[in-house]
Amino acid sequence: MIEILQVDITTLAVDAIVNAANHSLLGGGGVDGAIHRAAGPELKQYNQTLGGCPTGEARLSPGFNLPAKHVISTVGPVWYGGERGEAVLLDNAYRNSFILALQHDIKSIAFPAISTGVYAYPKDMAARTALLVMKEYEDKFERIIAACHTREDMKIYQSVSAGLS
């Protein structure tokens with residue numbers, strides 16, 4: 001079962017939280033900045049050894065000072081109106097995060113709404129992509145959480161989820 005929660009993703013005691021990162025993996029704004037602040041400077045230091053991350057791919061780091069054991073950083077696409085392969089890249093960001101999690105025996109995972117902040121991906125479309133990929137992997141994990149930052153985001157996820165049932 002996919003859990004849709006309004007929650008601060010940095011407070012979740014799960015095997016891995018997913019970070020909506022930028023290409024450098026060295027921190028930024030939004031959820032990326034919040035995860036880096038909560039994890040401590042060790043996350044940035046560790047991520048410097050990873051050599052960045054292309055859009056749609058994912059990288060694994062320890063959780064450091066987070067309650068989560070690991071951070072899976074993925075880079076979602078910037079929204080340019082849907083004409084530059086954004087849908088495939090967003091799908092890949094979720095899918096590659098799940099694949100990386102399975103490779104490291106991660107059983108519980110929480111995702112933010114990737115690309116919906118400063119990258120401006122339409123929230124309803126992003127929620128649909130997220131939930132469709134989550135449903136594909138549902139039977140391979142003990143817990144999958146859609147960690148919504150706001151009540152509005154949670155309502156969007158709940159509405160999209162109801163439409164997929």
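The values are calculated or read from the model by the stated rules, or taken from the named source; none is laboratory data. Because the structure is predicted, anything quoted here is derived from the model rather than measured. Positions of Cβ are backbone-derived with ideal geometry, glycine not excepted, and every protein chain shown enters the neighbour counts. All accessible areas refer to the heavy atoms of the entire protein, side chains included, with ligands and DNA or RNA removed. Shrake-Rupley method; radii C 1.70, N 1.55, O 1.52, S 1.80 Å.
Could you say whether any residue in the stretch 116-132 is crowded, with 21+ Cβ neighbours inside 10 Å and touching a strand residue (DSSP E or B) at 6+ places or on another chain (Cβ under 6 Å)? No: the stretch 116-132 contains no residue that is crowded, with 21+ Cβ neighbours inside 10 Å and touching a strand residue (DSSP E or B) at 6+ places or on another chain (Cβ under 6 Å). Filtering Asn47, Asn65 for residues that are open to solvent by 30 Å² or more (accessible area, probe 1.4 Å) and among the polar types (S, T, N, Q) leaves a single hit, Asn65. Determine whether Asp8 is of a type in the set (Asp, Glu) and closer than 30 Å to Ser165 by Cβ. Answer is yes for this residue. Once the stretch 56-65 is narrowed to residues that are more than 13 Å from the chain's Cα centre (by Cα) and free of Cβ contacts under 8 Å to residues at least 40 places away in the same chain, the residue that is nearest to Asn22 (Cα to Cα) is Ser61. The set of residues in the stretch 134-155 being among the β-branched types (Val, Ile, Thr) and more than 20 Å from Arg95 (Cβ to Cβ) consists of Thr150 alone. Pairs are defined by a Cβ separation below 8 Å, a sequence spacing of at least 6 or placement on different chains, a first member in the stretch 40-55 that is free of Cβ contacts under 8 Å to residues at least 24 places away in the same chain, and a second member that is open to solvent by 40 Å² or more (accessible area, probe 1.4 Å); the pairs so defined are Glu42/Pro62; Glu42/Phe64; Glu42/Asn65; Lys44/Leu26; Tyr46/Pro62; Tyr46/Phe64; Gln48/Leu26.
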